[in-house]
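For reference, the structure is listed below as structure tokens.
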Amino acid sequence: MMYGKSSDECIKGMVMGEHFVGVDIGGTWIRIALTTSNGSIENKIVVRTPREGDRYTIANLIVEAIRTNFKEHLEKIKAIGIGTAGPMDLSRGVVINAPNIPIRTFELAQPIQEALKKPVIMANDCIAGVWGEKIFGLGRDYENVVYITISTGIGGGMIVNGNLLLGKMGNAHEIGHIVVDVSGRMRCGCGGYGHWEAYASGANIPRFASLLLEEWSLTEEEKDSEVYKAYREGNLSSELIYSAAKRGDRLALRIVDEVNRYNIAGFENVINLYDPEIIVVGGSVALKNKELVIDRVREGVKRSQGVVTELPRIEPTAFGDDVVLIGAIALAVKPPQTLIKMLKYLQYL
Ligand SMILES: [Zn+2]
């Protein structure tokens, strides 16, 4: 696969034999890819995220996987990029108390960098995502790019006037936790009330739907819905709601409309804050339900937006599940200046 770089650069990459490694660390899987400088993946491995271990287990696993699987190319690897779930202290290259990774606190960049003697450029997964879109994806032709993921949680990465935004420790843009409901009906996993993620993320849609089903008076047709049956049996899931909605189930569609009110509010906040030219959307909830999520949000934003700013394009990522992995590759191939300044541990670059 090639990601839109010119064939000249592609050939240069091959002649020079330069290789890069991208690593995507999620709650369930760690994906590791070997690429050339145009971002085309030559070899990809996927391993389960360790359930237990010490603060070096994850770094050791990544070092071993690179040494074993990319043996012939080891000398030609120029840099390693990592996109990981957070939060983190970027200056030290450490992940701290990550709610979605079983080993919550761990050393990451330094042990890998020391073991392999290659520069390791790490960032939070959504920051990697937006950088991947800017270097290889739909954000290529823009200076103002936002990446939003709607998955188990909701997060974002921003590039404003060509600058990647990071914040003091590299955890900026926790957009899943902006308040979209001042009445605070739903409590978020972070402990706050009325946060976007509490209404519209994959993990929380069933809870919000249950609240709606308690409140609403239902028609006989709606009571026959498999969504209502699953609710009564305690088996409600996001997948079930969206698949029923795709088949035209009225109750499911009513829930989806309600969830989208909060998605639209979230997108409007992001548009007004960052004034992007394009918002690229990823995450399993959005990508598996493009019409019911992305198309509806695009229409909703159009209807309710004032005259504050010109509306951006809103598009699904072309990279699917690989968006963070390709972002990690982009960090290695073309490290952002704002990020380099922040990584105090960085060597060998
Ligand atoms: Zn929250």
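The values are calculated or read from the model by the stated rules, or taken from the named source; none is laboratory data. Predicted model only: the values in this text are computed from it and were never measured. In this analysis, Cβ positions are derived from the backbone assuming ideal geometry, glycine residues included, and neighbour counts consider all displayed protein chains. With ligands, DNA and RNA removed, areas are computed over all heavy atoms of the protein, side chains included. Shrake-Rupley method; radii C 1.70, N 1.55, O 1.52, S 1.80 Å.
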### Task
Identify, from the list 261, 254, the residue that is in the same structural domain as residue 207 (by TED's automatic domain parsing), in contact with a Leu (Cβ under 9 Å, 6 or more places away or on another chain) and either on the phi > 0 side of the Ramachandran plot or modelled with pLDDT of 95 or more (or both).
254
#### Entry: Residue list for the stretch 187-200, filter: part of a loop (DSSP other than H, G, I, E, B), touching a strand residue (DSSP E or B) at 6+ places or on another chain (Cβ under 8 Å) and surrounded by fewer than 20 Cβ atoms within 10 Å (Cβ to Cβ)
192, 194
### Summary
From the option list 142, 199, 147, single residue qualifying as farther than 22 Å from residue 322 by Cβ, out of contact with any His (no Cβ under 8 Å at 6 or more places or on another chain) and among the aromatic types (Phe, Trp, Tyr) is 199
### Task
For residue 205, state whether it is within 16 Å of the ligand (Cβ to nearest atom) and open to solvent by less than 30 Å² (accessible area, probe 1.4 Å).
yes
### Message
All but one of (1) touching a residue at least 40 places away in the same chain (Cβ under 8 Å); (2) part of a helix (DSSP H, G or I) hold for residue 241; state the number of the condition that does not hold.
### Response
(1)
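Just checking: which of the strands (runs of 3 or more DSSP E) contained wholly in the stretch 19-109 hold 3 or more residues that are touching a helix residue (DSSP H, G or I) at 6+ places or on another chain (Cβ under 6 Å) and open to solvent by less than 10 Å² (accessible area, probe 1.4 Å)?
The strands (runs of 3 or more DSSP E) meeting that bar are 19-25, 29-35, 77-84.
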## Note on the structure
From the option list 159, 148, single residue qualifying as within 16 Å of the ligand (Cβ to nearest atom) and either in contact with a Leu (Cβ under 8 Å, 6 or more places away or on another chain) or hydrophobic (A, V, I, L, M, F, W, C) (or both) is 148
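Of all residues in the stretch 228-247 being farther than 27 Å from residue 294 by Cβ and among the charged types (D, E, K, R), which is most open to solvent (accessible area, probe 1.4 Å)?
Going through the qualifying residues, I end up with 232.
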### Query
Where residues in the stretch 111-125 are assigned to a helix (DSSP H, G or I) and touching a helix residue (DSSP H, G or I) at 6+ places or on another chain (Cβ under 8 Å), which of them is modelled with the lowest pLDDT?
125
## Note on the structure
Of the conditions (1) open to solvent by less than 70 Å² (accessible area, probe 1.4 Å); (2) of a type outside the set (Asp, Glu); (3) not assigned by TED's automatic domain parsing to the domain that holds residue 90, the single one that residue 336 does not satisfy is (3)
### Query
Taking the condition part of a loop (DSSP other than H, G, I, E, B), within 16 Å of the ligand (Cβ to nearest atom), touching a residue at least 24 places away in the same chain (Cβ under 8 Å) and open to solvent by 60 Å² or more (accessible area, probe 1.4 Å), does residue 140 pass?
no
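Do you know which residues across the stretch 183-200 are touching a residue at least 60 places away in the same chain (Cβ under 8 Å) and more than 9 Å from the ligand (Cβ to nearest atom)? Break it down stepwise before answering.
We begin by selecting, within the stretch 183-200, every residue touching a residue at least 60 places away in the same chain (Cβ under 8 Å); these are 189, 196, 199-200.
Hits for the stretch 183-200 are 199, 200.
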### Message
Going residue by residue through the stretch 171-182, is there one that turns out to be near the ligand (Cβ under 10 Å from one of its atoms) and part of a loop (DSSP other than H, G, I, E, B)?
### Response
yes
### Query
Are any residues in the stretch 300-349 of a type in the set (A, V, I, L, M) and free of Cβ contacts under 8 Å to residues at least 60 places away in the same chain, and if so, which ones?
301, 307, 308, 311, 314
### Task
Using the structure shown, decide if residue 154 is within 14 Å of the ligand (Cβ to nearest atom) and buried (at least 19 other Cβ atoms within 10 Å of the Cβ).
yes
